[in-house]
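Remarks on the structure that follows.
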Amino acid sequence: MDSMDWEILRALFKYKNITKTSHVLRTSQPAVTYRINKLEREFDVKIIHRNKKGVIFTSSGELLVDYAISMLKQDQALKEELINQDDDVKGILRLSASSIFSRYRLPKILAEFSKKYPLVEFDVNTGWSEEVFKSVHNDYSQLGILRGDYSFSSEKIRLMEEKIYVVSKTPISLDDLPHLPRIYYNTDTSLNKLIDDWWIGNFIKPSLVTINVDNMETSKEFVKNGLGFSILPGILLNDHDQLFKIPCLDRNDNYLVRYTDLILKKQYLNNNVVKAFYNFMKERNFD
């Protein structure tokens with residue numbers, strides 16, 4: 001059992017599909033099948049069962065997956081420790097970040113960091129903030145940038161806080177919101193709860209959702225074309241949009257805000273690359 005077997009087991013467990021696994025690992029389906037069959041012969045156990053939807057792991061298969069993930073983490077940690085013996089800031093920065101922050105802020109940040117530390121390479125994954133949190137918790141990523149008020153027991157830097165707005169193409173009154181068409185979008189749990197709690201605290205009637213879209217950027221485009229209002233975080237909005245914005249206030253007239261934090265486990269500050277990025281982010285002003 002070697003590192004390629006570990007990678008195959010981890011990917012196959014994640015995707016539960018041989019075709020998807022082979023695509024992600026840039027290998028052939030027969031090669032993935034051969035490796036799994038070889039492992040079954042080596043350990044004399046059944047690892048997976050196949051069905052029309054993909055594969056199902058046996059209990060023995062899940063034990064091998066746990067072992068594979070553990071070995072991959074140890075392998076990565078050893079490589080990083082060996083690189084870290086040198087005082088130079090070089091190596092791979094493994095970072096997970098929320099999709100919205102990745103789109104609007106992260107490219108410029110990484111470009112500036114790369115100019116300062118040209119020997120650093122990036123391994124970046126984007127997704128929902130829940131996924132970012134899990135990635136850091138499970139040591140798949142050294143650092144995470146997530147949005148929402150997440151409790152994290154180790155190192156955390158508050159990068160920014162932004163207001164939440166009711167956004168429309170033309171001026172509207174907050175009192176009229178329950179009767180106006182709303183553009184609703186899919187987002188992570190923390191933002192959904194933040195907005196839902198604000199709505200419940202201010203209105204008796206539910207919102208009149210007339211359009212559902214898959215993300216907040218699409219929602220903004222519908223708003224720009226006069227198809228309804230939406231409730232959006234400030235990171236999406238700028239003066240060029242020419243949209244009418246009303247900040248959301250709670251019952252105590254405090255702004256409804258959305259936090260963005262950088263999180264990491266304290267142990268990773270022993271890594272030269274991680275420490276450099278951590279200090280780089282601490283010095284930035286995101287206002």
Quiz item: Has the range 27-46 got at least one residue that is in contact with a Gly (Cβ under 8 Å, 6 or more places away or on another chain) and either in a strand (DSSP E or B) or of a type outside the set (Lys, Arg) (or both)?
Solution: yes
Quiz item: How many residues does the range 1-26 hold that are part of a helix (DSSP H, G or I), aliphatic (A, V, I, L, M) and buried (at least 16 other Cβ atoms within 10 Å of the Cβ)?
Solution: 5
Practice problem: Could you please let me know if Tyr67 is outside the structural domain of Gly91 (by TED's automatic domain parsing), among the aromatic types (Phe, Trp, Tyr) and more than 29 Å from Asn271 (Cα to Cα)? | Solution: no
Self-check item: Selected residue (criterion: surrounded by the fewest Cβ atoms within 10 Å (Cβ to Cβ)) from residues of the range 117-170 that are charged (D, E, K, R) and under 10 Å from Ile263 (Cα atoms)
Solution: Arg158
Self-check item: Criterion (among the small types (Gly, Ala, Ser) and either under 23 Å from Arg10 (Cβ atoms) or assigned to a loop (DSSP other than H, G, I, E, B) (or both)) met by exactly one of Ser135, Ser114
Solution: Ser135
Quiz item: Taking Thr218, is it farther than 30 Å from Gln267 by Cβ, outside any strand (DSSP E or B) and outside the structural domain of Tyr67 (by TED's automatic domain parsing)?
Solution: yes
Quiz item: Restricting the search to the range 232-266, which residues are more than 15 Å from Leu174 (Cβ to Cβ), assigned to a loop (DSSP other than H, G, I, E, B) and either free of Cβ contacts under 8 Å to residues at least 60 places away in the same chain or touching a Pro at 6+ places or on another chain (Cβ under 7 Å) (or both)?
Solution: Asn238, Gln242, Asn252, Asn254
Practice problem: Tell me, please, whether a residue that is touching a residue at least 24 places away in the same chain (Cβ under 8 Å), among the polar types (S, T, N, Q), surrounded by fewer than 15 Cβ atoms within 10 Å (Cβ to Cβ) and not in a loop (DSSP other than H, G, I, E, B) can be found in the range 178-196. | Solution: yes
Quiz prompt | Counted residues, the range 32-47 - those being surrounded by 15 or more Cβ atoms within 10 Å (Cβ to Cβ) and either among the hydrophobic types (A, V, I, L, M, F, W, C) or touching a strand residue (DSSP E or B) at 6+ places or on another chain (Cβ under 9 Å) (or both) | solution = 5
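The values are calculated or read from the model by the stated rules, or taken from the named source; none is laboratory data. Not measured: the values here are computed from a predicted model. Cβ sites come from the backbone with ideal geometry, for glycine too, and all protein chains shown count toward neighbours.
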